[in-house]
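Note sheet for the following structure.
Each value in this text was obtained by applying a stated rule to the coordinates, not by laboratory testing. Given the structure is predicted, the values throughout are model-derived calculations rather than measurements. As a convention, Cβ positions derive from the backbone with ideal geometry for all residues, glycine included, and neighbour counts pool all protein chains shown.
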Amino acid sequence: MRQDITTIPISEVFEPRQGCPICRMQKMLEEHLTEYITGAAMMEPDVREQTNRLGFCAIHWEKTRQTGSRLSVALILESHLTQLTEQLFTQSRLSEKKRLQLAQNQQTSCFLCEKTEQSLSHLLETVYALWGKEETFRSLYTQQEFLCLPHYTRLMQESQKVSRDQRQFFREATTRLAQNQLTCLSQDITKFCAMFDYRNKNGDWGNSRDAIERSIAFLTADAVTKKEEP
Ligand SMILES: [Zn+2]
Ligand SMILES: [Zn+2]
């Protein structure tokens, strides 16, 4: 796969200062990769070999279906289903145990999850390096709206990759971005619940109307692509 497909300037991702920047990074990578495999790369043998082998998870089959033309998705499915038929049934020399293992693996392996993760970890290396050497980036990082729980966890677990002299500051800034958001969401959800009390019938909802959606997005790194509300 071409290397340049997932090159995203880090400052561009952090610039909007809205939502979790790592979620945004992940979504940009997913978008690029989904367009890539349903477009230019669809007929490339090495990419097809990988989509045949790995398939997609439920979220990414749906994303591929929404992104690609009907024909490009059908062509990806055609060779994937053909390979599965051969491996599981018609040409299989594997024992039943191994065939069932292969069938089970299909439910968890995903070309897009794997490629997105590879590119994301590559971009995060740049985040850690930038934090160590650029004051302007540190400032931009601390101005983010928040970090979601999964990305807070990951950044803290990988914080040893930040240069030693800047590490403690990185850990404090990262913690603050997650903790503040969790405190706000907690208050918004309590407010949301209170608004169902008849005594608050005509009260002000404040920021609480979408507290459910924002809380779930915070807890799950906004994993599920939301359908537009009708
Ligand atoms: Zn996130
Ligand atoms: Zn996936």
Test: GLU78 is of a type in the set (D, E, K, R), assigned to a helix (DSSP H, G or I) and exposed (fewer than 15 other Cβ atoms within 10 Å of the Cβ): yes
Qualifying positions in the range 51-66 - of a type outside the set (Lys, Arg) and away from ligand 2 (no atom under 13 Å from the Cβ): ASN52, GLN66
Identity of the residue in the range 184-224, hydroxyl-bearing (Ser, Thr, Tyr) and outside any loop (DSSP other than H, G, I, E, B), that ends up nearest to ligand 1 (Cβ to nearest atom): THR220
Helices (runs of 4 or more DSSP H) lying entirely in the range 97-173 (those with 2 or more residues that are out of contact with any Gly (no Cβ under 6 Å at 6 or more places or on another chain) and more than 14 Å from ligand 1 (Cβ to nearest atom)): 111-133, 135-142
